[in-house]
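Here's the structure we're looking at; comments come further down.
The values are calculated or read from the model by the stated rules, or taken from the named source; none is laboratory data. The structure presented is a predicted model; accordingly, all values stated were derived computationally and were not measured. Note: ideal-geometry Cβ built from the backbone for every residue, glycine included; neighbour counts use all protein chains shown. Accessible surface areas use protein heavy atoms only, side chains included; no ligands, DNA or RNA. Shrake-Rupley method; radii C 1.70, N 1.55, O 1.52, S 1.80 Å.
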Amino acid sequence: MMINKWLKQLTQTLASMQTAIYLLLIVGVVSALGTFIPQGQTPTFYMQHYGEITSLIINGLGLGTLYHVWWFQLLIILLCLSILTCAYQRLRRVKKITVLASLLMHLAVVFILIGALWSLGYSHSSFIEIARGQTVSLNNYGFENGRLTLNDFKIDYYPDFQPRQYSSDLSLINYKGKNIEQSISVNHPLKAGSLKIYQSTWGWVMQLTNLTDTTGTIISLKDKDYFLFDEKEQIKVQAIFLPDFEDSESGIHSKSPLPNHPHVWLTLLQQGKIVDMAIIPVGDEVHLGSYHLRFDIFFPYSGLQIKQDSGVYMVFAGFIILLAGLGMRYWFVFMDKKGAN
Amino acid sequence: MENTLLNILFVLLLLVVTANLIRLWKPFGRSSFISSVLLIMAVIAFIALIVVRTTIGGRIPFANSYEFTLLFAGGILIFAIFVRRGLVSPLFDISVALLAILLLSVASTFSSEIRPLMPALQSGWLYAHVATAVVAYGSFALAACLGIIYLGRAQETDLSLSAVDERIYKLVVLGFTFLTIVIITGAVWAEEVWGSWWTWDPKETWSLVTWLVYAAYLHSRHSYDWKGRKSAWMVVIGFAIVMFTLFGVSVLLPGLHSYV
Ligand code: HEM
């Protein structure tokens with residue numbers, strides 16, 4: 001009996017407009033707060049940047065991952081419950097089309113929020129870098145079986161060499177029993193059911209052979225990356241790719257991003273200090289300090305974002321219902337004065 | 001050419017402010033008509049500006065802070081022509097013109113160079129997103145201007161106070177509907193281009209905050225009959241948040257959206 005009474009009171013509170021308005025404003029204020037605190041940093045970061053007391057508050061309340069912290073999600077769930085109880089109470093009184101419309105749009109909001117929570121729990125995404133000609137197996141990255149090959153990668157430039165578009169020609173083989181061949185680019189991902197593959201970034205990889213000893217190890221380096229030769233002595237080499245090398249009065253640079261005159265700029269460092277340096281074209285070899293290296297080949301790689309998310313269907317369905325509800329509801333405000341309020 | 005038109009626009013808006021200050025001080029015959037003519041000329045100058053920029057750039061000017069702020073100012077002027085029908089209020093004309101001057105001044109601080117579209121912006125969603133944002137933010141801007149005359153010298157107007165309040169409500173309804181579309185098109189586009197429909201990036205978050213504030217306005221009006229002064233305050237505060245979303249966020253809280 002007691003519990004019944006208590007439940008009744010709770011639903012009444014939840015269904016009240018006052019609670020709803022407070023919830024809307026609280027969610028608003030809390031979300032706004034999160035934009036002023038850098039998100040996703042380590043507790044030490046906040047300690048270093050915010051002083052003792054403030055960082056204690058930030059770390060204690062989880063303000064550094066505000067949008068994922070339990071009490072923020074609780075607020076969202078309370079908002080859902082408030083909308084649902086409220087909608088339930090009005091369900092019996094649907095006489096005018098405006099009430100039906102408003103019901104639809106409130107349920108749509110709940111739909112979107114549930115879809116979002118679903119995505120938070122059950123979506124999976126992974127970033128991969130894949131060189132031209134390379135094949136990767138998707139289940140190494142936590143997806144269902146399937147082999148992904150980068151057949152080709154192209155960059156299209158404006159006359160001033162700003163990138164106009166970049167695209168990857170992909171084959172997805174034996175994914176859920178299907179084979180898909182598609183060229184993707186920014187704004188045009190590959191879609192296979194709830195799996196999507198996005199063109200995200202790109203860059204150059206260089207392949208060098210270490211001829212210092214007879215083993216001839218192959219070194220693959222992304223543009224501007226380092227290769228560590230000797231851990232103890234901290235000896236490493238950095239490779240900078242110069243696709244269109246030019247040595248002019250203004251210094252060493254690349255005339256354009258097009259691989260018209262490809263060179264690699266190698267810098268040997270020991271304990272952070274530059275020991276030796278060389279710029280060589282493809283096919284050439286060079287002695288760098290006590291090392292002997294050959295620049296074999298270069299090719300572009302493509303950075304792909306792979307994502308599996310079924311919550312997004314629910315969210316998008318919510319969007320459509322929300323728009324339909326809004327359209328129905330407000331048609332009356334403008335067209336039929338009697339229908340409005 | 002473009003700069004000349006921009007300067008003409010500035011001059012016309014300053015004339016609107018001057019003419020209406022004179023009206024406030026010493027009402028004269030046909031004064032509202034003069035203000036209307038000046039505003040319409042300003043709209044024509046704005047449209048000419050957009051046409052010139054579209055011709056030079058070979059694309060609709062929808063793509064960076066400069067272009068968006070320009071559209072926002074022009075949208076407000078065009079909307080104002082409709083909203084001020086039957087509303088004879090120097091204060092309203094002044095607030096609209098001052099707001100447009102403020103926005104154009106902000107626009108002048110951005111680079112007006114016409115740049116080709118970067119890959120992320122090459123999407124039909126860009127146009128849907130920006131066009132609806134101009135309508136949404138324009139409606140909220142005019143609701144706030146009406147809110148100001150409601151809170152300030154409301155006796156200057158020809159319309160009754162409750163008619164002004166009703167006009168504010170309709171503008172908020174229009175703005176809220178379009179803001180919903182702005183957020184939805186933004187989310188669908190983000191899913192298409194970044195692989196995530198919502199990332200809590202500051203611009204996104206602040207547009208949500210704006211949406212929640214206007215939702216609170218609609219609910220409080222519906223249930224508590226919050227009309228008049230209280231709701232006028234809400235639309236003024238709501239618009240301050242809109243302005244923060246537009247400019248404050250880009251300057252203070254950089255994120256993925258930093259190019260707009
Ligand atoms: C994100 C959350 C919400 C949004 C976006 C939203 C949106 C709206 C909108 C746009 C209206 C129409 C208002 C008008 O035109 O006057 C409305 C009406 C209403 N809302 Fe909400 N709402 C939300 C949450 C809630 C909650 C939690 C409640 C529960 C108390 C609620 C109860 C109502 C009621 C009773 C009406 C008036 C009924 C009607 O117009 O038929 N809303 N809401």
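Name the residues in the range B:196-210 that are facing another protein chain (nearest Cβ under 7 Å), closer than 16 Å to A:A116 by Cα and crowded, with 21+ Cβ neighbours inside 10 Å, would you? Answer for the range B:196-210, where residues must be facing another protein chain (nearest Cβ under 7 Å), closer than 16 Å to A:A116 by Cα and crowded, with 21+ Cβ neighbours inside 10 Å: B:W197, B:T205.
Screening the range A:185-221 for residues that are of a type in the set (F, W, Y) and within 14 Å of chain B (Cβ to nearest Cβ) and picking the one that is nearest to the chain's Cα centre (by Cα) gives A:Y198.
Take the conditions assigned by TED's automatic domain parsing to the domain that holds B:A141, at pLDDT below 90, within 16 Å of the ligand (Cβ to nearest atom) and out of contact with any Asp or Glu (no Cβ under 6 Å at 6 or more places or on another chain) and apply them to B:S258. Does it pass? Spell out the reasoning first.
Numbers: assigned by TED's automatic domain parsing to the domain that holds B:A141: yes; at pLDDT below 90: yes; within 16 Å of the ligand (Cβ to nearest atom): no; out of contact with any Asp or Glu (no Cβ under 6 Å at 6 or more places or on another chain): yes.
Considered against the rule, which asks whether it is assigned by TED's automatic domain parsing to the domain that holds B:A141, at pLDDT below 90, within 16 Å of the ligand (Cβ to nearest atom) and out of contact with any Asp or Glu (no Cβ under 6 Å at 6 or more places or on another chain), B:S258 comes out as no.
I need the full set of residues from the range A:113-128 which are more than 9 Å from chain B (Cβ to nearest Cβ), open to solvent by 20 Å² or more (accessible area, probe 1.4 Å) and in a helix (DSSP H, G or I), in order please. Within the range A:113-128, A:L113, A:I114, A:L117, A:W118, A:L120, A:G121, A:Y122 meet the criteria. As a summary of the residue check, A:D309 satisfies the conditions (1) among the acidic types (D, E); (2) out of contact with any helix residue (DSSP H, G or I) (no Cβ under 8 Å at 6 or more places or on another chain); (3) within 14 Å of chain B (Cβ to nearest Cβ) except for the one numbered (2). Evaluated against (1) open to solvent by 10 Å² or more (accessible area, probe 1.4 Å); (2) within 14 Å of chain A (Cβ to nearest Cβ), B:A136 falls short on exactly one condition, (1).
For beta carbons closer than 6 Å, sequence separation of 6+ or different chains, a first residue in the range A:173-185 that is without any contact (Cβ under 8 Å) to a residue 40 or more places away in the chain and open to solvent by 70 Å² or more (accessible area, probe 1.4 Å) and a second that is among the polar types (S, T, N, Q) and assigned to a strand (DSSP E or B), the qualifying pairs are A:E181/A:S171. Close contacts from the range A:1-30, counting a first residue that is away from every other protein chain (no Cβ under 14 Å) and a second that is within 8 Å of the ligand (Cβ to nearest atom), with Cβ to Cβ under 6 Å and a gap of 6+ residues or different chains, come to A:T11/A:T85; A:T13/A:T19; A:L14/A:S82; A:L14/A:T85. For the range A:33-49, filtering for residues that are touching a Leu at 6+ places or on another chain (Cβ under 9 Å) and part of a helix (DSSP H, G or I) leaves 6. Checking each residue in the range B:79-98 for being closer than 17 Å to B:R167 by Cα, within 14 Å of the chain's Cα centre (by Cα) and surrounded by 19 or more Cβ atoms within 10 Å (Cβ to Cβ) picks out B:F79, B:A80, B:V83, B:S95, B:V96.
Checking the stated criteria, A:T35 turns out not to satisfy the condition of being surrounded by 16 or more Cβ atoms within 10 Å (Cβ to Cβ) and within 16 Å of the ligand (Cβ to nearest atom).
Going by the structure shown, is B:S231 under 26 Å from B:V164 (Cβ atoms), surrounded by 22 or more Cβ atoms within 10 Å (Cβ to Cβ), modelled with pLDDT under 90 and within 13 Å of chain A (Cβ to nearest Cβ)? Answer is yes for this residue. For the residues B:S112, B:S139, B:S162, B:S89, the requirement of being assigned by TED's automatic domain parsing to the domain that holds B:W233 and at pLDDT below 90 singles out B:S162. Please verify whether the range A:85-95 includes one or more residues that are within 14 Å of chain B (Cβ to nearest Cβ), more than 7 Å from the ligand (Cβ to nearest atom) and part of a helix (DSSP H, G or I). Yes, because at least one residue in the range A:85-95 is within 14 Å of chain B (Cβ to nearest Cβ), more than 7 Å from the ligand (Cβ to nearest atom) and part of a helix (DSSP H, G or I).
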